């Protein structure tokens, strides 16, 4: 399966394309919903930097999240193969104002 992304960034960020989306999936028999962010490396004609070092950005954000010294979202995966989305991409949990888990069950609590 492949997906085609727009060629020009639309409305979010200058260093990469940012797409906010809601993922629905099943885990341990429960339906889950997660607010996620897809970051897509910019097309060469729209790059802010000659070498965006997109994978290094992913690694740095992963380390900062793991250390907890800077509040950054949990990085979930990195995809270097441009066949998947046309360019390298990464995904992370969405940050929200205040506290909220990035993953929540759609099943109401018992009781």
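List of remarks:
- Filtered residue count, the stretch 80-110, keeping only those that are surrounded by 17 or more Cβ atoms within 10 Å (Cβ to Cβ) and modelled with pLDDT of 50 or more: 8
- Residue match in the stretch 18-37 (condition: part of a helix (DSSP H, G or I) and modelled with pLDDT under 90): no
- Residues (outside any helix (DSSP H, G or I) and within 14 Å of the chain's Cα centre (by Cα)) located in the stretch 57-85: 72, 73, 74, 75, 76, 77, 78, 79, 80
- Residues in the stretch 72-79 include none that are more than 18 Å from residue 36 (Cβ to Cβ), surrounded by fewer than 17 Cβ atoms within 10 Å (Cβ to Cβ) and either modelled with pLDDT under 80 or touching a strand residue (DSSP E or B) at 6+ places or on another chain (Cβ under 9 Å) (or both).
- The stretch 38-67 residues that are farther than 23 Å from residue 21 by Cα, paired with ones that are surrounded by 13 or more Cβ atoms within 10 Å (Cβ to Cβ) and modelled with pLDDT under 80 (beta carbon under 6 Å, 6 or more apart): 48/15
The values are calculated or read from the model by the stated rules, or taken from the named source; none is laboratory data. Note that the structure is a prediction, hence the values are computed from the model and not measured. As a convention, Cβ positions derive from the backbone with ideal geometry for all residues, glycine included, and neighbour counts pool all protein chains shown.
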